[in-house]
Each structure stands twice: as C-alpha cells, then as structure tokens.
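Here the structure is laid out as structure tokens; the discussion comes afterwards.
The values are calculated or read from the model by the stated rules, or taken from the named source; none is laboratory data. All of these numbers come straight from a predicted model, not from anything done at the bench. For neighbour counting, all protein chains shown are included, and Cβ atoms are generated from backbone atoms with ideal geometry for every residue, glycine included.
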C-alpha cells in the first residue's frame, strides 16, 4: 500500500519506518529541508533504540523515501498520515496551527480520493472540524480517520510493532477497514483493533495519558506523605501493586513526569473539558502535584545544606570517622522550612547530576525534571556538573550555559558535595560506590528515582535521601 507521512518528528518517523518495514511504500514528507536532507543521508534527528538501523535499511531498499514536496507526496499515496506537532499554548490549549495548515495543503492538492489519518494528538472534535474545513477548499472526495498513537519513547518500535491495541476512529466504515488492513501485520498475535467514532478515538489518547499521569502524581503524593508519617514508600508500593484491582505499573514515585505527552495532554484535556463546561478537578490536581514535585526535591537539597547535618558530616569526614547512619534523616530535613526568598543558599556547593532526559532510552528534554531542577539550583548559587549518556547535546539547548557537562559518570563526581540522580539510565544502576565515595567531597546522594537501596548506601558510608522514605 502507498502511504504518506506528513511530519518527520518522533511519531511520524517511527510510524513511517515501521510501515515500510512490513513492505508498504512510504514517503515521509517534511517542510524542513535540512531535516529531510539529513534523513536521506541516514542521519536520524532523534535518539530511539533501533530506529536508525531500520530507517537506513528501508531507505536503501527503496520502501522508505523522504521528500519536501507535499503535492507529489499526497498524489502518490492512497493514505496520508498527518503527524505534525500540537504543542501546548500558555493556557493549556493545543496549538493546531500546523495541523490546520497541513490539512489545508492536502485539500488544495487532492486530485482523487484519499484517506487522511490524524496521527497527531488533537482535541476532541478536531477530526470533524478538519473535515469540514477541507470540504470548503475542495470538491474531491476524502475521508478523515483518527488513529492516535501510543508510543513510549525508548520503546517506540516495540510499541508500534506489538501494540496493546489499535484505535481507529472513523464515521465511514470503508475508510476504517482500510486503515485496519494497514495494521494487520502488527496484530497477528491477537491485539484488538478497536473501531469507533472519531471523537471517542481522540478522547482515548487523552484519557490514557491522563490516567497514567494521575497514577504518577498520586504516588508522589503518597510518597510525600510517607516522609512526614515515617512510612516507607517502597513497602507501600509493593503491597498495593499486588492488588489485582490496581496492578504494579506506574506506581513509582520520583521527581515528576515529563516528556512530550503527559504534561501537554493533561493540560489540554483540562482545557478542552473546561471549554465544554465541565471542570476536571482531578486532572488539574494531577498537573499541580507534578509541577510541585521537582521543587520539593530541590527544597530537600536546600534543607540539607542549610542544616546542622552538613557541619556534623563535614567534621566527621575531616576526622576520617564513619558517618553516623542517623545523618540520613528526612525527619531532620522536614523540620526545617524553606524560605523561598533566600538567595545563594547553595553558593560554593558543587553538585553532580546523573541523567538529564525526562526518561531513559531517549534524548528528549521536553519538560524533563532536570530542566526545572538545575536552573533553580543554579539560581541558589550551586555549581552544576551533569552527565547523560545520550541527551547532553539536547540539554545544551535548554539548560543554562553555566552547566558543565562531564565526559562520563565518574568524571562528574570529582570533588562534588552531592549527587542528584534524575534519570534512571541502566548504566547508573550498579555503579562503583567505593570509587564514587573516594571521588566525592561529601558522599551524599539525592535519589530522585528511588533507584538505590537506602540501607545498602548507608552501609557503604553514604548519606542517602530518596523519595518517600
């Protein structure tokens, strides 16, 4: 089948490549000439495990092509996917200008029937609105189909090739069946293809992301309460995860969610619903808790360096004595309020950061917790040295120039007063703690992902603070 993909961002490139891998003839079109030329040379603009190899092999085989010519792309394709960005506006609404522009161009280009598939995450009712908009510009028949994506960055190829379900929203049965046939190779193991109206399909994507974001924020709330109530979040999480009604997925507290989907989609869902006359208090609370979580983590760092614990710790280290385990006490930190008007409270403190991307296996810095935490610590006078195995180049584009980037994880630790773990990359899971302790001036770890065993770190002579302990 001949397929066009308009937009070669994350969703568009993954979709086009996976369809080409199953034998379809795919043209990925983008208005960015530089990006298209890079793709033609086999240079992939995003980091996604396995994607580069598939792009190169399918391009060489002639199944995957790249173009800047929308007219030629549409005219040579039976199915046209729209996969352009829908960024959030300041009020939370989705910016549909790119989707509108592409749909206008498609309408102006049509010479015969086409199926236009909205792959972009769009507000409920967008499919209907785009259909009406396009019909004012052309008399050529076409159908609009909603086909939301459910790709996790770092696992996108597997998610596309082995989906949990395929959602197709269309008001015309024939168009829906054609798109279902397109996905047939990916559902051979029995994954359901769900056919529904376009509004419901559009709602599915927002609902799924809002539900997952809600679970994360809820667990962060529970973790914060555990710190005050002297309970342990890991024990709580393990126990409730065994409840068949709850399950274990997305029960991990930390420094908050980020990326291209959850923050944008949660805000958009709240805005969409409010415009329709219903305020979604739980969805708004999900975003509020998430926005506060990174600051709470920073406040824990501030409390530590401003407390008597630091003087006691530094004097203990100066005498080469073992570090008392009671130094890792959240109770002490919680008893010390943080004055938001304080300036330069971290002046002279050298802090290492492991992990910059919003999650492992991607270089995506969009709404990454590091993009909130690092600038705030710099404002308070800290010196930041950061390491990420993939995202350093992207991080340079969004983080302040004052950040120093290390060449490897251990290079980042030399002479540091603390280590902040912000992204749970696999290479951080089993580091050489003895080497770390020798390199750091003060062996204190603020674990924003609860990746390490608190007791193990205490036994090794570290001061350790996680989330929810």
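Things worth noting here:
- Condition met for residue 210 (closer than 30 Å to residue 293 by Cα, surrounded by 19 or more Cβ atoms within 10 Å (Cβ to Cβ), in contact with a helix residue (DSSP H, G or I) (Cβ under 9 Å, 6 or more places away or on another chain) and in the same structural domain as residue 14 (by TED's automatic domain parsing)): no
- Qualifying residue in the range 395-410 (condition: more than 29 Å from residue 155 (Cβ to Cβ) and buried (at least 19 other Cβ atoms within 10 Å of the Cβ)): no
- Residue check for residue 68: in contact (Cβ under 8 Å) with a residue 12 or more places away in the chain and within 23 Å of residue 179 (Cα to Cα): no
- Count of residues meeting criterion [outside any loop (DSSP other than H, G, I, E, B), over 21 Å from residue 254 (Cα atoms), out of contact with any helix residue (DSSP H, G or I) (no Cβ under 6 Å at 6 or more places or on another chain) and touching a residue at least 60 places away in the same chain (Cβ under 8 Å)] in the range 409-424: 1
- Which listed residue, of 310, 301, is closer than 29 Å to residue 347 by Cβ and buried (at least 21 other Cβ atoms within 10 Å of the Cβ): 301
- Scanning the range 389-408 for residues that are part of a loop (DSSP other than H, G, I, E, B) and touching a residue at least 24 places away in the same chain (Cβ under 8 Å) yields 389, 390, 391, 399, 400, 402, 403, 406.
- Within the range 425-469, the set of residues being within 30 Å of the chain's Cα centre (by Cα), in a loop (DSSP other than H, G, I, E, B) and surrounded by fewer than 22 Cβ atoms within 10 Å (Cβ to Cβ) comprises 429, 430, 431, 432, 450, 451, 452, 453, 469.
- Where helices (runs of 4 or more DSSP H) fall wholly inside the range 267-363, the ranges with 3 or more residues that are within 30 Å of residue 203 (Cα to Cα) and modelled with pLDDT of 95 or more are 281-306.
- Matching residues in the range 24-49 - criterion: being in contact with a helix residue (DSSP H, G or I) (Cβ under 6 Å, 6 or more places away or on another chain) and loosely packed, with under 14 Cβ neighbours inside 10 Å: 42
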